[in-house]
Amino acid sequence: VNIFNPLDFEVHNTIGKGHFSRVRLVKNKKSGEYSVWKIFCKDEAINYKNNIFNEIKIHSSLENQFISKFK
């Protein structure tokens, strides 16, 4: 079982910013691996929930070395 704990990560720079989200670079403290987090503004995300569900569906199905995997 892979349990996600935000305290296991160091949050670094903002990579990008959208209308209702921000993409941040994070580093896993245990493994040293870098990844990205897409952080949604809760108030805005409620208004755009269909867009978010579509984005999750698309990112879950993509398999490309230049696109981060959705977890």
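Odds and ends about this structure:
- Normalised by residue count, the chain yields a Cα convex hull volume of 122 Å³ per residue.
- Solvent-accessible surface of the chain, taken per residue with a 1.4 Å probe and all protein chains present: 87 Å².
- The chain: angle of helix 49-61 to the longest principal axis, Cα-based, in degrees nearest 10: 50
- Label sites at His12 and Leu25, each approximated as a point 7 angstrom past Cα along Cα to Cβ, lie 0.4 nm apart.
- The number of Lys pairs in the chain with C-alpha atoms less than 23 Å apart, excluding pairs fewer than 8 positions apart on the same chain, is 28.
- Taking the protein heavy atoms of the chain in the context of the full set of protein chains, the accessible area attributed to carbon and sulfur is 54 percent at 1.4 Å.
- The chain, dipole about Cα centre (Lys/Arg Cβ +1, Asp/Glu Cβ -1), debye to the nearest 20: 60
- Efficiency of FRET between Asn51 and Asn5 - r from beta-carbon atoms, R0 30 angstrom, step 0.05: 0.60
The values are calculated or read from the model by the stated rules, or taken from the named source; none is laboratory data. All values reported here derive from a predicted model rather than from experimental measurement. Neighbour counts are summed over all protein chains in view; Cβ atoms, including those assigned to glycine, are modelled from backbone coordinates with ideal geometry. Only protein heavy atoms, including side chains, enter the accessible area calculation; ligands, DNA and RNA are left aside. Shrake-Rupley method; radii C 1.70, N 1.55, O 1.52, S 1.80 Å.
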